[in-house]
Protein chains: 2
Amino acid sequence: MFFLRRKKKIENINKREDNKIVKIGIDLMGGDYAPVSTMEGVLLALYDLKDLHLKITFYNKIDYQKLIHNFINKLPKRSKIYNYFNKNLETDILKRIEFIPCSNYISMSDKPVNILKNRDNTLVKVFELLRDKVVDGVLYAGNTGAFLETSILVVGRLNGVKRPALLTVLPFNKPVLLLDSGANAECKPEYLLQFSVMASIYYKKIISNSLPKLGLLNIGTEDIKGNLLTKESNKLISNYVNINNNLFEYVGFVEPYDVVNSKVDIVVADGFSGNIMLKSFESLGEYVFNFIRKEFSLNIFNKAIGLLSRRIFRRIKSYFDYSEYGGALMIGLNGVSVKTHGRANYRAIKNSINFTYKLIVNDINSVILKELENIKNITLSF
Amino acid sequence: MFFLRRKKKIENINKREDNKIVKIGIDLMGGDYAPVSTMEGVLLALYDLKDLHLKITFYNKIDYQKLIHNFINKLPKRSKIYNYFNKNLETDILKRIEFIPCSNYISMSDKPVNILKNRDNTLVKVFELLRDKVVDGVLYAGNTGAFLETSILVVGRLNGVKRPALLTVLPFNKPVLLLDSGANAECKPEYLLQFSVMASIYYKKIISNSLPKLGLLNIGTEDIKGNLLTKESNKLISNYVNINNNLFEYVGFVEPYDVVNSKVDIVVADGFSGNIMLKSFESLGEYVFNFIRKEFSLNIFNKAIGLLSRRIFRRIKSYFDYSEYGGALMIGLNGVSVKTHGRANYRAIKNSINFTYKLIVNDINSVILKELENIKNITLSF
């Protein structure tokens, strides 16, 4: 799977004013390039964020010390970062990591059902740390199915949340939040109302303090268009907006075309159609780029122009590069739980740790808790 | 809406062996460039296909004779086609068209509900010709909502068909048929089984005589993935394949990535998620091309390379050009009913007439009728 991501540097991270440390749990074994890239991202993040502490679950046959030393040896000698690691590895970096051995780990192809059978694995263990409040958040780069299942079962839902859902940022000219991008294949109108509320709170806390425009994914924009779920959800969300219009501006139904053109800041969907849209975007983006690459290597003339265009295409591709992007948040859980791409390289891991850090510092769960209390009594019959 | 279409010439049209003429009804007023482009496409098709007869519904304030003469005057003088029209306009071309005046027509923004209130409009009229067997098929380039509604209500379903559905060809390296691409927002497993049967018959009659690979659109490929509809439909289609494996090879669940990479020849979906996938492909394709165009005009250097690459990009774009493509078939109706793109230019109209012609000549409805009789007794409890 290829995540189509607009290059978007994680903005200035609001550091905690109370000087409390931020604790994040990471499964060292998650992702295609684990454990090497995970370890590299971890060390870069610790270098950047001095109040970051990590609890790292790892498969006990892995020699993590060797991974650390390999990383340091790869750094350019005489660089500032090389010097820092040489001088402060024992006195700072290693003091801020705790390594937790496990007798098992989850591979990309493991079925979610098998994960909880033997709980002494790196994935379950890291979510148990979150459940027990040993860490404030978890980052995982591995198997999405395993992530969804384990995070919900081990960490549990935030009080009042009917269905936690997967929030993804679609990297168009203006980023668009998609909720749910795949956690709940079967939805009810009240879930979609909760998704609207949670995504808007996320938007205000993390993206911008302005009122987000919110749309409901549909196959047409007239009221009569769509299926039972979209029609009923449209009524329910409209009812909600009549009572509280401080959280988002509801623009009604939107189609994929409106999403691509950032007509809205947030698009709400059931996890089935949200996932179909996300994966259609990703796979078509990959297809078009491959197609162009093939055309530019068709003959010598095309190859020559291809060489000249290389800088331009590199720039274009960087806009669609997932590794600059933080990851997807499992929103509605009793703790911050972030999934980054399975193909995450060290830079993606580092950025995802920054992103998880930012989510923790901004504590969106307390705002969600409060607002969900307010919508308890809004139903279709309102 | 931008239809992402791989350039695909309509293949050699199987002419009728029995020398029967083929009668097609066309609403001259449908489409963004109607009536000019529609008329041009019509005349080109009549020039190409000598056994084609057309019944054309038009808004009675339109001067169709002027449109015809404008077309002829635009043709390059001394060309073969100019000569033909000059010589045979009265004796051949006009003898094969009948113009039917109406006091009204449907615009791109008309709501489907209003169409049947005043039935003396070009759209209802042309479908009445199909219902009354005055024509063998209808081509329409206008408003999709109006097309779906009117074709079902006026023409009616083929005996045994639960839901007619919109069949679209996705123009990837190897074309993939999508059914349903948007006619039925709410579906049941038995509809999806019928879609599988109808799409396979279409494939064998129109695309290739080999056994098509057929997949069911889902958000994962394991059996436990998806919503109730995909899980139940998966069981039902598997049951069917146990009885009859001559129509298609069932590969189970597929994701958008598999569609883009032509892992299947046919993808079956409910009209909601099928439409979301189709529109996501279309709008992302448009987005990426616009993005590239912008980057190539960023500065003088980029513009220069852009000029050099123009030929390559023109070729790439031609692969994604809807106007080379025939149109979407409303399958399961009691007559051939084709919808082409609202932005159809004269070439698209001509190709769509060829496509409609081919569908009529191949008479897929009689095969569908027979096979639906066979699956009547297949249910989930089988």
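When the residues of the stretch B:48-89 are filtered to those that are hydrophobic (A, V, I, L, M, F, W, C) and farther than 20 Å from B:Tyr140 by Cα, which remaining residue is surrounded by the most Cβ atoms within 10 Å (Cβ to Cβ)?
Here the residue is B:Phe85.
Limited to the stretch B:35-47, what total is found for residues that are open to solvent by 20 Å² or more (accessible area, probe 1.4 Å) and within 26 Å of B:Lys20 (Cβ to Cβ)?
Total satisfying the criteria: 2.
I'd like to know if the stretch B:109-124 contains one or more residues that are away from chain A (no Cβ under 14 Å), part of a strand (DSSP E or B) and either open to solvent by less than 70 Å² (accessible area, probe 1.4 Å) or under 21 Å from B:Leu369 (Cα atoms) (or both). Full working, then the answer.
Going through the stretch B:109-124, the residues away from chain A (no Cβ under 14 Å) turn out to be B:116-124.
Narrowing further to those that are part of a strand (DSSP E or B): B:121.
So of that shortlist, the ones also either open to solvent by less than 70 Å² (accessible area, probe 1.4 Å) or under 21 Å from B:Leu369 (Cα atoms) (or both) come out as B:121.
Within the stretch B:109-124, one or more residues are away from chain A (no Cβ under 14 Å), part of a strand (DSSP E or B) and either open to solvent by less than 70 Å² (accessible area, probe 1.4 Å) or under 21 Å from B:Leu369 (Cα atoms) (or both).
Quick check on my filter: what residues within the stretch B:171-186 are among the hydrophobic types (A, V, I, L, M, F, W, C) and crowded, with 24+ Cβ neighbours inside 10 Å?
B:Val176, B:Leu177, B:Leu178, B:Leu179, B:Ala183
Among the residues of the stretch B:282-310, which ones are open to solvent by 60 Å² or more (accessible area, probe 1.4 Å), within 15 Å of A:Glu295 (Cα to Cα) and at the interface with chain A (Cβ under 9 Å from one of its Cβ atoms)?
Listed by number, the list holds a single entry, B:Leu308.
Can you list residue pairs whose Cβ atoms sit under 9 Å apart, with the first residue in the stretch A:283-300 being farther than 20 Å from B:Val254 by Cα and the second being among the charged types (D, E, K, R)? Count only pairs 6 or more apart in sequence or on different chains.
Every condition considered, the pairs that remain are A:Phe289/A:Lys317; A:Glu295/B:Arg315; A:Phe296/A:Lys303; A:Ser297/A:Lys303; A:Leu298/B:Arg315.
Would a scan of the stretch B:274-281 turn up a residue that is free of Cβ contacts under 8 Å to residues at least 24 places away in the same chain and either under 19 Å from B:Ile375 (Cβ atoms) or within 14 Å of chain A (Cβ to nearest Cβ) (or both)?
yes
Hey, can you tell me all the residues within the stretch A:90-101 that are open to solvent by less than 80 Å² (accessible area, probe 1.4 Å) and part of a strand (DSSP E or B)? Before the answer, list the steps.
The initial filter retains those residues of the stretch A:90-101 that are open to solvent by less than 80 Å² (accessible area, probe 1.4 Å), namely A:92-94, A:96-97, A:99-101.
Within the stretch A:90-101, A:Ile97, A:Phe99, A:Ile100, A:Pro101 meet the criteria.
Got at least one residue in the stretch A:255-272 being under 19 Å from B:Asp270 (Cβ atoms), at the interface with chain B (Cβ under 7 Å from one of its Cβ atoms) and touching a residue at least 40 places away in the same chain (Cβ under 8 Å)?
Yes: the stretch A:255-272 contains one or more residues that are under 19 Å from B:Asp270 (Cβ atoms), at the interface with chain B (Cβ under 7 Å from one of its Cβ atoms) and touching a residue at least 40 places away in the same chain (Cβ under 8 Å).
Please state which of the following conditions B:Leu247 fails to meet, knowing it meets all the rest: (1) open to solvent by less than 30 Å² (accessible area, probe 1.4 Å); (2) within 12 Å of another protein chain (Cβ to nearest Cβ).
(2)
Residue check: is B:Lys20 open to solvent by 50 Å² or more (accessible area, probe 1.4 Å) and without any contact (Cβ under 8 Å) to a residue 24 or more places away in the chain?
no
Kindly establish whether A:Thr221 is under 17 Å from A:Met277 (Cβ atoms), surrounded by fewer than 22 Cβ atoms within 10 Å (Cβ to Cβ) and not small (Gly, Ala, Ser).
The answer is yes for A:Thr221.
Here are the criteria: (1) part of a helix (DSSP H, G or I); (2) open to solvent by less than 10 Å² (accessible area, probe 1.4 Å). Tell me which single one B:Val135 does not satisfy.
Failing condition for B:Val135: (1).
The values are calculated or read from the model by the stated rules, or taken from the named source; none is laboratory data. Just so it is clear, the structure is predicted and the values come from calculations on it, not from any experiment. Every residue, glycine as well, gets a Cβ built from its backbone with ideal geometry; the counts of neighbours run over all protein chains shown. To get the accessible areas, we keep the full protein, side chains included, count just its heavy atoms, and leave off ligands, DNA and RNA. Shrake-Rupley method; radii C 1.70, N 1.55, O 1.52, S 1.80 Å.
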